[in-house]
Amino acid sequence: MTSTEENTPWWRSAVIYQVYPRSFADGNGDGTGDIAGLRARLGHLAGLGVDALWLSPWYVSPLADGGYDVADYRDVDPAFGTLDEAAALIGDAHALGLRVIVDLVPNHCSEQHPWFQAALTAGPGAPERELFHFRAGRGPQGELPPNDWQSHFGGPAWQQTADGAWYLHMFAPEQPDWNWEHPEVRAEFLSVLRFWLDLGVDGFRIDVTDHLVKEDGLPDTAGHHHTPHPWRDQEGVHDIYRSWRALLDEYTGERTFVAELWEEDPQRFARYLRADELHTAFNFPLLRSPWDADALRSVIDATLAAHALVGAPATWVLSNHDTTRHVTRYGRADTSYDFDRAARHGLPVDLPLGTRRARAAALLTLALPGSTYVYQGDELGLWEVEDIPDHLRQDPTWLRSGGVDRGRDGCRVPLPWAGAEQPFGFSPERASAAPWLDVQPDAWQALSVAAQSGDPDSHLEFYRAALRLRRQEGGLGDGPMDWQDGVVAPAVLDFTRPGSFRCVVNLSAAPVPLPPHEAVLLASEPLADGKLPSDAAVWLRAAGEG
């Protein structure tokens, strides 16, 4: 976090590191990343210079969707450790100056959750089924789903039970949607929030934030001509988050919420970030934008304008556990991102070019107003692993699509830490099992933390330098920025921040001269005769100031 204002909440300017626990570090040698491995590697995160870590779900789960199918919201899955270990991790992180954000999955649970199992046992019409969306089917024998909604993972969003009833699952069949109109569901999640806050967590990332409330009557999408869709962004969801915010504000220590929100309408987006609702939300338009100066400029301007409507800080995200790693995206001819993984899988990738652009994008996002997210492995320059054998793929999107959608496994491959042989330190020596997703590329040996540490030209040391400078520069993080149009060249992003800080990103095909400056603070690529190369970025101390 930068030093702009001592009384500015930390989350307005923080750099937050996403940990996908299964793939971060294996402490006990069983092939699955765990809390013991994370605790042993906390020094890496502190040394990197981030302010907080966000943990993808570590709850008790059958792992039908990588932990986003929760069977017990108040305990840690034994594959990751114990609740006592979780408490110790939080304490360890706090001792290192790191805050801890945990994932919360409120739209759906696991089919193994005791409440859903009770609903299945109770049968049609039972009060236990009112906690979920059970409906009779259509057709003469009720053999057709209750409506035409489609699952995000492919196929109908309804699963028929043995007694003929159907239940709603906007994701996998193993993930039944909660009925948020029921007061017991609302009370349960307030209790879950309090449980983890009492344990010491600093905030929550809310999975599919806008899905909780469905339109009355669950109408078909066919012929549904108004927005939003009937399964998302309903007005009632804001009452839920106002109640959550009121609870959170009872706690000291600047606890925070961050929303996962794929909302294109800036005014509807901003409604979630009003002063009595959530604090921040992921900014996915930047992640989806092509590597193009006009497109990026448009996203940046629209993002800042949307957040200004409610006085919320922007966030900047390049990759996460659901999306193709940006080293790979930026190395393709089409550098944008959408959920058409099947259409893009296997397209040619220029990894050196993608890595070059990824370094420039890091300087861009770290210089923009607000907070920034770093997905595990971003700091190492890891790329998407696309050549995973079919029999090793585990993502339900792969299974539900009949193998058409290649899924998200490629961005979830275990991290390389050290050593000349796989699994490159992910598991301890003499581990009892291979990594759960045993597909690390051989070339990742050169990208391990140990291999890159101390090499001034490495991706890792570049990230460490950038994060160190961001902490030192008082004008970075939350606050104003000013575009410097027409100073350098077309296809260049050029802006200043308080404290005589200037960021220049060259997205043109040729080197460009630097604007007047007193010093070069950090460049993503070596300057060529004083010029900034193509697909590179530089931080400058502006001339004549400070």
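The values are calculated or read from the model by the stated rules, or taken from the named source; none is laboratory data. Predicted model only: the values in this text are computed from it and were never measured. Neighbour counts are summed over all protein chains in view; Cβ atoms, including those assigned to glycine, are modelled from backbone coordinates with ideal geometry. These area figures cover heavy atoms from the full protein model, side chains too; ligands, DNA and RNA do not enter into them. Shrake-Rupley method; radii C 1.70, N 1.55, O 1.52, S 1.80 Å.
For this structure, a couple of remarks:
- Counting only residues that are under 18 Å from MET481 (Cα atoms) and under 17 Å from the mean Cα position of the chain (by Cα), region 304-323 holds 4 of them.
- Within region 349-402, the set of residues being assigned to a strand (DSSP E or B) and touching a helix residue (DSSP H, G or I) at 6+ places or on another chain (Cβ under 6 Å) comprises THR372 only.
- For ALA136, the criteria (1) within 30 Å of ASN147 (Cβ to Cβ); (2) in contact with a helix residue (DSSP H, G or I) (Cβ under 7 Å, 6 or more places away or on another chain); (3) open to solvent by 10 Å² or more (accessible area, probe 1.4 Å); (4) hydrophobic (A, V, I, L, M, F, W, C) hold in every case but one, which is (2).
To keep it simple, each residue is scored yes or no on (1) open to solvent by less than 10 Å² (accessible area, probe 1.4 Å); (2) at pLDDT below 95; (3) over 15 Å from PHE116 (Cβ atoms).
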{"residue": "THR161", "(1), (2), (3)": "no, no, no"}
{"residue": "TYR167", "(1), (2), (3)": "no, no, no"}
{"residue": "PRO176", "(1), (2), (3)": "yes, no, no"}
{"residue": "HIS182", "(1), (2), (3)": "no, no, no"}
{"residue": "ARG186", "(1), (2), (3)": "no, no, yes"}
{"residue": "VAL192", "(1), (2), (3)": "yes, no, yes"}
{"residue": "PHE195", "(1), (2), (3)": "no, no, yes"}
{"residue": "VAL201", "(1), (2), (3)": "yes, no, yes"}
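- Selection within region 45-66 - assigned to a helix (DSSP H, G or I) and surrounded by fewer than 20 Cβ atoms within 10 Å (Cβ to Cβ): ALA46, GLY47, LEU48
- Residues in region 24-34 include none that are assigned to a helix (DSSP H, G or I) and either closer than 30 Å to GLY479 by Cβ or free of Cβ contacts under 8 Å to residues at least 12 places away in the same chain (or both).
- Single residue of VAL60, VAL70, VAL76, VAL50 found to be among the β-branched types (Val, Ile, Thr) and under 30 Å from ALA362 (Cα atoms): VAL50
- Single residue of region 353-368 satisfying the filter (touching a Gly at 6+ places or on another chain (Cβ under 7 Å) and surrounded by 23 or more Cβ atoms within 10 Å (Cβ to Cβ)) that is farthest from GLY311 (Cα to Cα): GLY354
So that you can scan it fast, the table gives a plain yes or no per residue for (1) more than 25 Å from ASP405 (Cα to Cα); (2) among the hydroxyl-bearing types (Ser, Thr, Tyr); (3) out of contact with any helix residue (DSSP H, G or I) (no Cβ under 6 Å at 6 or more places or on another chain); (4) in a strand (DSSP E or B):
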position	(1), (2), (3), (4)
GLY91	yes, no, yes, no
PRO124	yes, no, yes, no
ASN147	no, no, yes, no
GLY164	yes, no, yes, no
SER191	yes, yes, yes, no
ASP198	yes, no, yes, no
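- ARG255 closer than 30 Å to ASN7 by Cβ and not hydroxyl-bearing (Ser, Thr, Tyr): yes
- Picking from residues in region 94-111 that are of a type outside the set (A, V, I, L, M, F, W, C) and in contact (Cβ under 8 Å) with a residue 60 or more places away in the chain, the one that is farthest from HIS182 (Cα to Cα) is HIS94.
- Residues of region 307-321 satisfying the condition of being farther than 15 Å from ILE16 by Cβ and either surrounded by 18 or more Cβ atoms within 10 Å (Cβ to Cβ) or basic (Lys, Arg) (or both): HIS307, ALA312
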